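Derivation of every value follows stated rules applied to the coordinates shown; laboratory data play no part. For clarity, every value in this text was computed on a predicted model and none was experimentally measured. Positions of Cβ are backbone-derived with ideal geometry, glycine not excepted, and every protein chain shown enters the neighbour counts.
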Number of protein chains: 2
Amino acid sequence: MELSQVGEFGLIQRLRSIVGEPGDGEVWIGDDAAVLRAPSGTILFTTDLLVEGVHFDTGFTGPEDLGYKSIAVNVSDVAAMGGVPRRAVVGLGVVPGLEVEWIENLYLGMQQCCQEFDMAVVGGDLTRSDQIIISVALLGNPAGRLFIERGNARVGDAVCVTGTLGESAAGLRLMRQGNRERLDLLKAHLRPTARVKEVQALRRHLPSAMVDVSDGFCADLGHICAASSVGVLIQESDLPVVELEGVELEESPLQLALAGGEDYELCYTIPEDRCEAAMAAVTQATGTRVTKVGEVVEQSRGRVLLIESAEHPLEMPGWDHLRV
Amino acid sequence: MELSQVGEFGLIQRLRSIVGEPGDGEVWIGDDAAVLRAPSGTILFTTDLLVEGVHFDTGFTGPEDLGYKSIAVNVSDVAAMGGVPRRAVVGLGVVPGLEVEWIENLYLGMQQCCQEFDMAVVGGDLTRSDQIIISVALLGNPAGRLFIERGNARVGDAVCVTGTLGESAAGLRLMRQGNRERLDLLKAHLRPTARVKEVQALRRHLPSAMVDVSDGFCADLGHICAASSVGVLIQESDLPVVELEGVELEESPLQLALAGGEDYELCYTIPEDRCEAAMAAVTQATGTRVTKVGEVVEQSRGRVLLIESAEHPLEMPGWDHLRV
């Protein structure tokens, strides 16, 4: 059977059955990071593989930005479990003729991200390859034994999201056009901010479920819905969509916000009675805006987007690495 | 500057200065695995990146063997620090048109290796790529706070090695000839045995320094010499070289043993007065042969191979991923 027939998430389901059932109290395949129980404590463990021509184009992205982002996307996965990043290893595939300085700048960018989050790259592996490959694996600490999964959203919970949606996707499109006027959008794409500080403020308010927005808001919120067996009702007018005044793009701000991906914002659910206090705590501690965008509903109602009181299915395509 | 001018180990030195000094009591870049101190305990952390066309050829290597080996090479790194493997994450780059069954068989092979060592694959990342990419990162536990570095070999220590050297390299060459008669050699290449059980028996006898033989015996023993600022004197007649009776290969058994690589045997140094007991303990517990092959000498004497009482420099090329 061809991969394109099952897609990324179909394949993950098949592999899940091969690797077996998680150890006691552990979370394995299917969340932002694995949760491990060592005799001595709880560990978060995640990995992301970035490949030239798929995740980045060295014509648009310099090595420092690329290094920064390759660490940041892993940090975001640890943040989405409620944790803080600690130590990373890096597997690097380099193409013949690559300059030593390019690799040093890649590592300088990694180091900048590490310093921001008080973490470190502690080892790795180097090899030749035909495309540049950057594989990062990251260890993090949760808050004590507490971590935030995808599967605990409950009907009636509020749905919230940090920051703005669609900026990274807009930045990528502008970069491809050679338009470098909106530096805020380019930066959102090249140097996404992993929401670690926001999670520190948020987690004592006990969100019920959380993901980071990497594949796209619809797709990632869909992961919460699938894992929690719930639906959602999202108010279009409440979504913190990218501001694109004076910018010419094929897609609307709403489309970029729903399906763009690589925002690395946090999308979480939380019981209504704790929602306001949690949003205020995050904004007070970090200055980052948090927006309530909808509510968790019965699974039978599906995933719905309310646009001017009319209901639309919330099913914009997200990023499936094996289909696109 | 071009990569080929500095080579793998030159580049690693440069990157080391960028990532900074290790945390208190930690070991970062430059050993088989990083050693991390969590508040709650000590962790070993390592990664290996395998790329199609560089590390494997799908024409020779089936997915099950490849999956097994991709885990085993990481397990070997943890063993070389004196530890046991616990949990792995896998980044997988797949080429368009790859069959789902191929990937499932890859994971079955990984699972076989995991079961052998009571460990698990707990997460990962999937993406498209132009070559098949398998990136494994592995966490392990040392014995308490004890781990075995490369830098503590002392003049007068014995140099020992487990198993046989050169079998994997001979197996690879036979496979390329289409000769599948010597299954023992093919197996040594396709399904190397990580020496975890051997390390369990060995480590209470306190070897002073240890590496696994991945790049080649000369190259890897050279890492101990460089890190410990010592030389070595190796007796050719004592080396456990691959037996190649009736097999036609360009290289001699000695050449394959010294420079072949991918043996995943353990090469360690140990004070003379503990050497015999340690060898006996490993063999008794596991059945694996251990051979004393030489001694640690002053750095000024260099790295010497004694062949029929004549001294030769012990400098066969090993595997430099960025030069070959």
**OP:** Report, as a whole number in µm² per second, the diffusion coefficient that Stokes-Einstein gives for the protein assembly as shown at 37 °C and 0.692 mPa s using the Kirkwood radius over alpha carbon pairs.
**Re:** 127
Original post:
Under a 5 Å amide H to amide H cut-off, with H placed in plane at 1.01 Å, what residues pair with A:Leu305 once short-range neighbours are removed?
Top reply: A:Ile234, A:His312, A:Leu314
**OP:** In vacuum, with every alpha carbon of chain B counted as one equal point scatterer, what does the Debye formula give for log10 I(q)/I(0) at q = 0.12 Å⁻¹? Two decimals, please.
**Re:** -0.84
Original post:
Using a Förster distance of 22 Å, how high is the FRET efficiency between B:Glu315 and B:Arg154, based on the Cβ-Cβ distance and rounded to 0.05?
Top reply: 0.50
Original post:
So how compact is region B:149-192: Cα radius of gyration and Dmax in angstrom?
Top reply: 15.4, 45
Original post:
Which whole number gives the average, over all residues in B:151-162, of C-beta atoms from other chains lying within 10 Å of the residue C-beta?
Top reply: 0
Original post:
If all Cα-Cα distances of region B:1-118 are sorted into 10 Å bins from 0 onward, what percent lands in each bin, rounded to whole numbers?
Top reply: 11, 34, 31, 21, 3
Original post:
From the label point of A:Asp238, set 7 Å from Cα along Cα→Cβ, how far away are the matching label points in the other copies, in nm, ordered shortest to longest?
Top reply: 7.5
Original post:
Given label points at 7 Å from Cα along Cα→Cβ, what nm distances, shortest first, separate A:Glu26 from the same residue in every other copy?
Top reply: 2.3
Original post:
Using the eigenvalues of the Cα gyration tensor, what equivalent ellipsoid semi-axes result for region B:74-150 when each is taken as the square root of five times the eigenvalue, whole Å, largest first?
Top reply: 28, 13, 9
Original post:
Tally Lys/Arg at +1 and Asp/Glu at -1 over every other residue whose Cβ is under 9 Å from the Cβ of A:Gly216; what's the total?
Top reply: -4
Subject >> Gaussian network model of chain A, springs between alpha carbon atoms under 10 Å - residue of A:Gly260, A:Gly59, A:Gly124 with greatest fluctuation >> reply: A:Gly59
**OP:** Run through the other copies and list how far each one's label point is from that of A:Glu272, in nm with one decimal, shortest first; the point sits 7 Å from Cα along Cα-Cβ.
**Re:** 8.2
Original post:
Per-residue ellipticity at 222 nm for chain A, helices alone: DSSP H runs ≥ 4 residues times -39500 (n - 2.57), over residue total, nearest 500 deg cm²/dmol?
Top reply: -10500 deg cm²/dmol
Original post:
Taking K and R as +1 and D and E as -1, what net charge do the other residues with C-beta under 15 Å from the C-beta of A:Ile71 add up to?
Top reply: -4
Original post:
What is the order of B:Val282, A:Val6, A:Val90, fewest Cβ neighbours within 10 Å to most?
Top reply: A:Val6, B:Val282, A:Val90
Original post:
How big is the shadow of the Cα convex hull of region A:140-220, averaged over all directions, in nm²?
Top reply: 6.6
Subject >> Share of pairwise Cα separations in region A:158-313, more than 23 Å, in percent >> reply: 36
Subject >> Between region B:82-151 and region A:130-166, the Cα center-to-center distance that results, in Å >> reply: 22
**OP:** Return the ratio Rg/(2.2 N^0.38 Å) for region A:15-74, where Rg is computed over Cα atoms only.
**Re:** 1.53
**OP:** Whole number please: convex hull volume per residue, Cα atoms of region A:184-240, in Å³.
**Re:** 120
Original post:
For A:Gln13 and B:Asn179, what is the calculated FRET efficiency with R₀ set at 41 Å and r taken between the beta-carbons, to the nearest 0.05?
Top reply: 0.50
Original post:
Which translational diffusion coefficient, to the nearest whole µm²/s, is obtained for region B:108-163 from the Stokes-Einstein equation, given a Kirkwood hydrodynamic radius over C-alpha pairs, 37 °C and 0.692 mPa s?
Top reply: 208
Original post:
With θ set to phi - 60° and the Karplus curve 6.51 cos²θ - 1.76 cosθ + 1.60, what are the ³J(HN,Hα) couplings of region B:162-176 in order, to the nearest whole Hz, using x for Gly and Pro?
Top reply: 7, x, 10, 9, x, 5, 5, 5, 5, x, 4, 5, 5, 4, 5
Original post:
Which of the lysines could a cross-linker bridge to A:Lys292, judged by Cα under 22 Å and excluding same-chain residues fewer than eight apart?
Top reply: A:Lys197
